[in-house]
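Where a number appears in this text, it was derived from the coordinates with a stated rule and is not lab data. Not measured: the values here are computed from a predicted model. Cβ coordinates were reconstructed from backbone atoms using ideal geometry, including for glycine residues, and neighbour counts include every protein chain displayed.
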Amino acid sequence: MKFHSTRDKSRLYSLQEASVMGLAPDGGLFMPEYIPQINMSEVLKLAQYSFADMSSHIASLFFKDSITPLQVDEAIKKALSFEIPLVKAGPYYTLELFHGPTCAFKDVGASSMGQILGTILHNNGEKENKPLIILTATSGDTGSAVARGFYDIPGITVVVLFPNGKVSPLQECQMTALGKNIKALKVNGTFDDCQMLVKAIFNNREIRKQVNVTSANSINLLRWLPQSFYYFYAYAQWIAQEHSHLLKQFMAGEEAELPEVTFVVPSGNYGNISAGMLAKRMGLPVKGFIAAANSNDVFPKYLESGQYEPRPSVQTIANAMDVGAPSNFERIQSLFNNDYEAICREVKGYAYSDSQIKEAILELYRKYGYTSCPHSATGYLATKEYLSECANSGMKADSNSIIWLSTASPAKFSEVIAPVTGQMPHIPGRLQELLDKDKEFTIMDVSTETLEEILRTLGE
Ligand SMILES: *Cc1c(COP(=O)(O)O)cnc(C)c1O
């Protein structure tokens with residue numbers, strides 16, 4: 001398996017090239033050369049053991065030509081040894097993606113990338129004396145997950161940029177309390193400024209000759225691709241809970257058509273949802289996808305009008321989704337061969353204001369005793385809006401065949417949730433510990449020169 005750019009399918013790259021480059025030389029995003037077809041009965045069987053066992057099987061289809069199958073297995077089992085439970089909030093199914101080390105769904109991609117890239121560097125004998133610098137911009141969650149995913153991996157230094165004062169205190173701790181090979185930079189600007197600084201470095205040939213630098217934000221192939229795994233795991237749990245007799249029939253080799261589900265995905269950079277689209281193309285029975293956005297509604301607007309008009313992000317209480325120019329839009333277009341009509345048949349999009357999000361948090365808490373983070377709450381709103389739209393237009397849709405993705409633990413957003421519900425969310429021990437640790441960070445203005453200087457100091 002090789003990889004190519006969304007903008008040019010003729011040139012192929014190895015996994016190492018694709019993951020270290022981050023962006024393709026033509027500015028496109030990396031995609032797998034072909035989409036392997038999944039044997040659903042194999043995947044459903046493995047899912048009964050664990051998420052890691054199932055994921056290791058799927059990962060090997062993409063990575064086994066790059067590192068040995070045994071190494072794929074070891075890396076994925078190290079990276080993904082946590083649960084991703086499908087639970088019910090009242091009558092709705094939600095997939096809780098936040099039981100990893102930093103309590104966010106980005107742990108899946110970041111830990112997988114850390115382990116697999118670590119394995120690739122190890123296989124190369126870590127010949128390079130210069131450290132590999134992972135440069136990443138974050139609006140809150142990416143940075144902490146990446147920092148954790150690469151923490152203490154030999155030969156790698158992480159430089160994480162985030163907008164000063166625009167991430168939650170706990171998120172900030174998750175980036176500034178690790179130390180060792182993790183360097184946190186607080187930028188006096190917005191998330192888009194941080195992303196711009198990172199892009200400027202990647203477009204600068206001079207600095208890239210001097211230091212060995214790569215990205216690990218959600219555009220990176222090794223971050224993006226493993227996110228497709230949990231869609232299969234969600235499906236396996238769903239069919240076991242909702243259609244156990246069908247599952248038995250299917251597993252016994254009898255004729256049984258697997259029913260389809262709809263996924264609702266809180267979206268910012270559209271990495272998560274586009275990985276789900278990849279899963280569908282691998283053969284997962286999915287009816288369609290619903291993107292749930294906050295006020296940064298570029299994608300829902302695109303579905304409405306056919307016009308893609310990126311613009312500066314606005315700040316919301318679901319800040320990990322504050323993205324005005326979703327990078328993975330190109331991957332969606334590539335998966336659909338730039339066919340707007342085809343996208344509209346399979347994908348819907350809804351957007352919600354901060355006050356709607358707060359109402360949703362309160363409603364979930366009051367009605368169902370379920371505490372949701374502000375990002376995940378947009379998924380709940382979109383689930384309800386889709387169901388009522390279907391009901392109004394006489395289409396068949398059933399809350400039992402919709403799964404909304406919960407992307408972060410409420411513990412990380414207590415300053416939003418507590419004033420709404422009157423209750424402090426429970427803080428898991430692994431987060432609590434960070435609050436008491438010493439913090440290390442550097443404050444900087446939006447300046448590419450400053451960033452270059454910092455990279456040179458770290459990278460030589
Ligand atoms: C990053 C993030 C999102 C958005 O995911 P994308 O892949 O960027 O669309 C949603 N919720 C949380 C909590 C996140 O950290």
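Quick one: 3J(HN,Hα) in Hz for the stretch 390-397, Karplus 6.51/-1.76/1.60 with θ = phi - 60°, rounded, Gly and Pro as x.
Here the 3J(HN,Hα) series is 4, 4, 5, 9, x, 7, 7, 7 Hz.
Computed FRET efficiency, Cβ-Cβ of ARG366 and ASN124, R0 56 Å: what is it to the nearest 0.05?
0.50
Each residue of the stretch 258-270 in order: what ³J(HN,Hα) in whole Hz does its phi give by Karplus 6.51 cos²θ - 1.76 cosθ + 1.60, θ = phi - 60°, with x for Gly and Pro?
Here the 3J(HN,Hα) series is 6, x, 9, 10, 10, 9, 10, 10, x, 10, x, 8, 6 Hz.
Quick query: amide H of ASN188 versus all other amide H atoms, modeled in the peptide plane; which residues come in under 5 Å with a sequence gap of 5 or more or a different chain?
Here ASN164, MET444, ASP445, VAL446 satisfy the definition.
Going by amide H atoms built from the backbone, whose H comes under 5 Å of the H on LYS183, apart from near neighbours?
VAL158, VAL159, VAL160
Quickly rank 385-393, 19-27 as a protection proxy: mean count of other C-beta atoms within 10 Å, highest first.
So the peptides 385-393, 19-27, ranked by packing, come out 19-27, 385-393.
With a cut-off of 18 Å, note down the residues of the stretch 269-288 whose backbone N falls inside the zone around a label point 7 Å from the Cα of CYS344 toward its beta carbon.
Backbone N within reach: 288.
Just to confirm my numbers, what's the Cα centroid distance between the stretch 145-188 and the stretch 322-369 in Å?
27
So, in nm, how far is label GLU257 from label GLN48 when the simple model puts each one 7 Å beyond its Cα toward the Cβ?
2.5
With each label point set 7 Å from Cα along the Cα-Cβ vector, what nm distance links ASP65 and ASP398?
Using points 7 Å along Cα→Cβ, the separation is 4.1 nm.
Could you check how many percent of all C-alpha pairs in the chain are farther apart than 38 Å?
Of all Cα-Cα pairs in the chain, 18 percent lie more than 38 Å apart.
How would you order 197-206, 74-83 from highest to lowest mean count of nearby Cβ atoms within 10 Å? Please report the intermediate quantities before stating the final value.
Numbers: 197-206: 15.7, 74-83: 19.2.
Result, highest mean first: 74-83, 197-206.
What list of ³J(HN,Hα) couplings, whole Hz, do you get for the stretch 312-318 from phi and the Karplus terms 6.51, -1.76, 1.60, once you set θ to phi - 60° and write x for glycine and proline?
x, 6, 10, 7, 9, 7, 9
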